[in-house]
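The values are calculated or read from the model by the stated rules, or taken from the named source; none is laboratory data. In this text the structure is predicted, and so the values were computed from the model without any measurement. Counting neighbours? That spans all protein chains shown, and the Cβs are built from the backbone with ideal geometry, glycine included. Heads up: the accessible areas ignore ligands, DNA and RNA and are worked out on the full protein's heavy atoms, side chains in. Shrake-Rupley method; radii C 1.70, N 1.55, O 1.52, S 1.80 Å.
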Amino acid sequence: MKSRILKITILFVFSAVLVAMAVATFFSQETADKNIYNSVWFCSLWGVLAVFSLAVFVKKLMKKLPVLLFHISLIIILLGALITRISGEEGILHLRKGETADFYVNKENMFKSELGFEMRLDSFKVVNYQGTQMPMDYVSFLTVDGKKAEVSMNNICKKNGYRFYQTSYDPDGLGTYLSVNYDPVGIFLTYLGYLVFAVSGLWILFSKKADFLKLLKHPALKKGGMFALIFIIGVNANAQNHKVPTISTEESARVSEKQIVYNGRVAPFNTMARDFVSKIYGKPNYYTLTPEQVVCGWLYRPDAWKNEKMILIKDENLRRELGAQGKFVSFVDLFDGEDYRLNALIAKHNLTENSKISKAIKETDEKVGLIIMLTNGTLFEQLPENSDAMLSKSKVKAEIIFNAFNFAKILFMVNLTIGFLAFFVMIVTKNFPPRLFSVLRILLIMSMIVDFCGYVLRWYVSGRIPMGNGYETMLFMSLVIMVLAIIFGNKIKILTPFGFLISGFTLLVAWLSQRNPQITPLMPVLNSPILSAHVSTIMIAYSLLAFTFFSGVFSLFIKDKDKLSQLSVLSLIMLYPAEILLGIGIFLGAVWANISWGRYWSWDPKETWALITFMVYALPFHKADLKFVSNDKKLQRFFILAFLTVLMTYFGVNYFLGGMHSYANA
């Protein structure tokens, strides 16, 4: 009886913590910090959850050492967070060149706090990407207690338990702002908890005393049945006569390889031209003209091109207000003499509202701005022929190939088509010859190879690991999904159509999020190897959780108990590494944040929702004590609903809540 009351209390407190965190993300960071995250009642909830969990589970898990250590690691992390909350100090140190200081301003009370040693700023430097004005790093050259030191983005300075982080600098370049953090015990315990978590998590996957290896040998996976799968097998007419002044096709080919400084990086002319035409016209080619011909036409004969109806206006209401006869208007159509016609519409419609016409006005205004920037010579810069920043010929050609081959669009259409056909056949049919299933696997391997080649090509072109925005992380996630489906699909055949479907949807999101992706240098704070490890680990976890979601969806069409059992075993097999990798990914992100900003946890909406996702997906591991996941049907329904937390973490935060992670939809 006492044990049952404890378990009910734990579930109630657990739910209260989840609800509190979810609600807090919809308020401003200041409001959430003051009323929820830093409140006594919220900290108390965590304390009660930790103490009661220890009371219930420690004795129960004594025979499963890796699982016990896994839970203890979470207690250590909470203890470290508590010490940080109680004794940690944060502040700001402002130094001018040649100036010495032995104190910093405490953020909590704005009082001066003594350092116990002196710091002097010798100089400050902004380091740009070669050949551009795009910052790559910010570096403060210091003398700390008589010794030389440097502080830059992702490179901290440590002294007597104090940690100094590059935060900002004075506009004249003669002063720097450093964040100060003093929390040696809290950081040590938290990092120790992260380490124990990673070790025990990996131990769970290989321990005979844990349940994961037992699931891999589950009898339900040996039953065949319906899980053997099968795969069943313009330019318009007036374009040729469209005449407008521009360069020849031969000149266009030569111009395409000319190197320029565009979007903060050195790039071939082709990249800028495709971006320009795609954004103005909605397609990279204007009738039979190449992007280079269009841009050069605007540069050399703007008087003629201003009359070309090539500015795409998608919104019907805006077209009506402008009196447009079709989807396209010319540059001169947007002016009435010297008056810019959009100015009246901007005054008429509140552009802060999220209405369709407001979006259309802003989008059209941006297109006009791009044309003006191009004709004024500010859209890009010429790169001197002998510049040290020039790209190699192979890299230029690689980028042009990458621009021309829209592999995300092609693959999402192919993968979704194959996936839906295979899914349909799975529902209506039971047994198929193994040879036909082999064809399906070969097609998945071919799709994966194409995806891999495209990803590697983008890596080569950008000169960095492609993990810097939502488009790139979706490409990586689609690749991981297909690799997992190929590796495990031979034993668990249902993974093959799931691999097609999930990777297809992922590539569709990538294509929609950035139909004309720009390959830009990373902002300095993101230029870290820990970032790549953090993002890739999280994406692999989300890929595995996506499999559990599709397993749940598929279960809606299944009535056979053996098949439901197979799906449940499959989902749990995916859940184990997903939960462990998600936790490791969150903690890698915390380490990266601590190095970059001086705080390993700041309750940013994305990290908060990632924690919510981690906690929600922990529930099926305790299904013996939870009725709502106690049988196969309930478990599959849970996986469908639980995936909403993944969607909220990745998409909801990016597009609705914002925060430090909002760069992800760039």
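Would you mind checking which residues have amide H under 5 Å from M136's amide H? H placed 1.01 Å from N; only 5 or more apart, or other chain.
Placed amide hydrogens put V127, N128, Y129 under 5 Å from M136.
Run the 1.4 Å probe and let me know the accessible area of E363, rounded to the nearest 10 Å².
Estimated to the nearest 10 Å², E363 gives 70 Å².
Roughly how many Å² of E366 are accessible to a 1.4 Å probe, to the nearest 10?
We get 110 Å² for E366.
Under a 1.4 Å probe, what is the accessible area of the range 364-507 per residue, stated in Å²?
Per-residue value: 45 Å².
Round to a whole number: what % of the accessible area of the range 1-160 belongs to carbon and sulfur, probe 1.4 Å?
Of all accessible area on the range 1-160, carbon and sulfur atoms account for 63 percent.
Using modelled amide H (1.01 Å from N, peptide plane; none on Pro or chain starts), what sits under 5 Å from the amide H of E308, excluding residues fewer than 5 places away?
Under 5 Å from the amide H of E308 lie the amide H atoms of F331, each far enough along the sequence or on another chain.
Step through the residues of the range 586-595 one at a time and calculate ³J(HN,Hα) from phi using the Karplus curve (6.51 cos²θ - 1.76 cosθ + 1.60, θ = phi - 60°), rounding each to whole Hz and writing x for Gly and Pro.
4, 6, 4, x, 5, 5, 4, 5, 5, 6
Which links in K125/K147; K258/K359; K63/K561; K112/K606; K7/K559; K217/K409 stretch past 28 Å when you go from one Cα to the other?
In this structure, K258/K359; K63/K561; K112/K606; K7/K559; K217/K409 exceed 28 Å between Cα atoms.
Give me, ordered by chain and number, the residues 5 or more places off T246 or on other chains with an amide H under 5 Å from its own placed amide H.
none
Starting from one equal scatterer on each C-alpha and no solvent at all, send me the Debye-based log10 I(q)/I(0) for the chain at q = 0.10 Å⁻¹, two decimals.
-1.14
Bin width 5 Å, alpha-carbon pairs only: give the P(r) of the range 522-631 as whole percents, running from 0 to the bin holding the largest distance.
2, 11, 18, 20, 16, 11, 9, 6, 4, 2, 1
Spelling out what I want: for every residue of the range 411-421, take phi, set θ = phi - 60°, compute 6.51 cos²θ - 1.76 cosθ + 1.60 (Karplus), and round to whole Hz; glycine and proline get x.
Each residue's phi maps through the Karplus curve to give 5, 5, 5, 5, 5, 5, 4, 5, x, 5, 5 Hz.
Starting from the Cα of K493, draw a straight line to each of the aspartates and glutamates and keep only those under 20 Å, dropping any in the same chain fewer than 8 residues away.
Cα-Cα hits under 20 Å: D560, D562, D632.
Quick one: what are the phi-derived ³J(HN,Hα) couplings along the range 626-643, Karplus 6.51/-1.76/1.60 with θ = phi - 60°, whole Hz, x for glycine and proline?
10, 5, 6, 10, 7, 10, 4, 5, 5, 4, 5, 5, 4, 5, 5, 6, 4, 5
Using the Cα centre of the chain as the reference point, and only Cβ charges (+1 on K/R, -1 on D/E), how large is the resulting charge dipole? Debye, rounded to the nearest 20.
About 3540 debye.
Among I92, L457, P219, pick out the residue whose Cα is farthest towards the positive end of the charge dipole of the chain, where Lys and Arg carry +1 and Asp and Glu carry -1 on C-beta, about the Cα centre.
Working it through, the farthest residue towards the positive pole turns out to be P219.
Placing one identical point scatterer on every Cα of the range 1-159 and ignoring solvent, what is log10 I(q)/I(0) from the Debye formula at q = 0.11, 0.21 Å⁻¹?
With no solvent term, the Cα-only Debye profile gives -0.74, -1.29.
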